[in-house]
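**Student:** Below are the structure tokens for one structure; questions will follow.
The values are calculated or read from the model by the stated rules, or taken from the named source; none is laboratory data. Worth saying up front: this structure is predicted, and the values here are computed from it rather than measured. When we count neighbours, we look across all protein chains shown, and the Cβ atoms used for this are built from the backbone with ideal geometry, even at glycine.
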Amino acid sequence: MHIPPRVLTVAGSDSGGGAGIQADLKTMLALGTHGMSVLTAVTAQNSLGVQGAWELPAEAVRAQFRSVVDDIGVEAVKTGMLSSAELVETVAELLVGVPAPVVVDPVGVSKHGDPLLAASALDAVRGKLLPTATVATPNLDEVAQLTGVQVRDEAGMRRAADAVLEFGPRWALIKGGHLTAGAGAVDLLTDGTEEHWLRAPRYDNRHTHGTGCTLASALAAQLAKGDTVVRAAAAAKEYVTGALAAGFRLGAGIGPVDHGW
Ligand code: PLP
């Protein structure tokens, strides 16, 4: 009997199905793993933005996590929207006891500018969550929010990675997709000694909702399947590039990336 590797996402729900838990589970299935979810918050969301967000109590997050880990087990964990300092601290404490790689996507603000993390939670992300990460996957806005480093070019991405690594993740994957200079979409993966530049073509497609969630989930799925961090990051970049190229219109605003490409 084939038993797929088990991957857990700890993240928020996107009612529009483009990002968050929904993107995570689609990615995990597409990559041949069994996805499981610990819900942290529910958003009322569509292609135009986030119309409302409601956090779950820390007790509900803890209970979901224990239910999954104590019976089913996990081969990798991914965290996304954690909403508040209390939930960041709760999740960080839960992760400390888990003997599996952890991908931390330090979700801050949506592409529409809607806050998905309270400003008061940043210290807990820096001091408690990032130290639990095997790989942290901030975009350039999240880098600026967490470290104060403003990135304008690839040299800046190196400085950003150093600053993120100071908080304790084993690896930093700095996503340079928001850089406008240069034709491609370049990410930097480094543990402070090795440096890997992941390059892909830039697609002129406005339907990019869910890219960050998708990349982090693909990375977690590949780690669950036994890839090294370097191979998992390359495979995740390839997956998200395909999903981005196939992003489609849904609603009147920004559509989602496509997992069936
Ligand atoms: N909604 C939820 C629940 C998310 O977790 C995220 C990103 O992590 C987003 C929305 C934002 O998605 P995007 O910035 O790709 O539009």
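**Student:** It is to be established whether one or more residues within the stretch 42-55 are within 14 Å of the chain's Cα centre (by Cα), near the ligand (Cβ under 9 Å from one of its atoms) and not in a helix (DSSP H, G or I).
**Tutor:** no
**Student:** Okay, next question. Select from the stretch 1-38 the residues that are within 10 Å of the ligand (Cβ to nearest atom) and either out of contact with any Gly (no Cβ under 9 Å at 6 or more places or on another chain) or assigned to a strand (DSSP E or B) (or both) and list them in ascending order.
**Tutor:** Across the stretch 1-38, the qualifying residues are THR9, ALA11, GLY12, SER13, ASP14, SER15.
**Student:** Here is a follow-up. List the strands (runs of 3 or more DSSP E) inside the stretch 102-211, counting only whole elements, that have at least 3 residues being surrounded by 20 or more Cβ atoms within 10 Å (Cβ to Cβ).
**Tutor:** 102-104, 171-175, 184-190
Residue-wise test of (1) small (Gly, Ala, Ser); (2) at pLDDT 95 or above.
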{"residue": "ARG206", "(1), (2)": "no, no"}
{"residue": "LEU215", "(1), (2)": "no, yes"}
{"residue": "LEU223", "(1), (2)": "no, yes"}
{"residue": "GLY247", "(1), (2)": "yes, yes"}
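**Student:** What are the residues in the stretch 62-89 that are touching a helix residue (DSSP H, G or I) at 6+ places or on another chain (Cβ under 9 Å), more than 10 Å from the ligand (Cβ to nearest atom) and over 15 Å from THR132 (Cβ atoms), if any?
**Tutor:** Once the filter is applied, which keeps residues that are touching a helix residue (DSSP H, G or I) at 6+ places or on another chain (Cβ under 9 Å), more than 10 Å from the ligand (Cβ to nearest atom) and over 15 Å from THR132 (Cβ atoms), the stretch 62-89 yields ARG62, ARG66, GLU75, SER84, ALA85, GLU86.
**Student:** Which members of the stretch 110-143 meet the condition of being over 29 Å from SER47 (Cα atoms) and within 15 Å of the ligand (Cβ to nearest atom)?
**Tutor:** Result: LEU129, single match.
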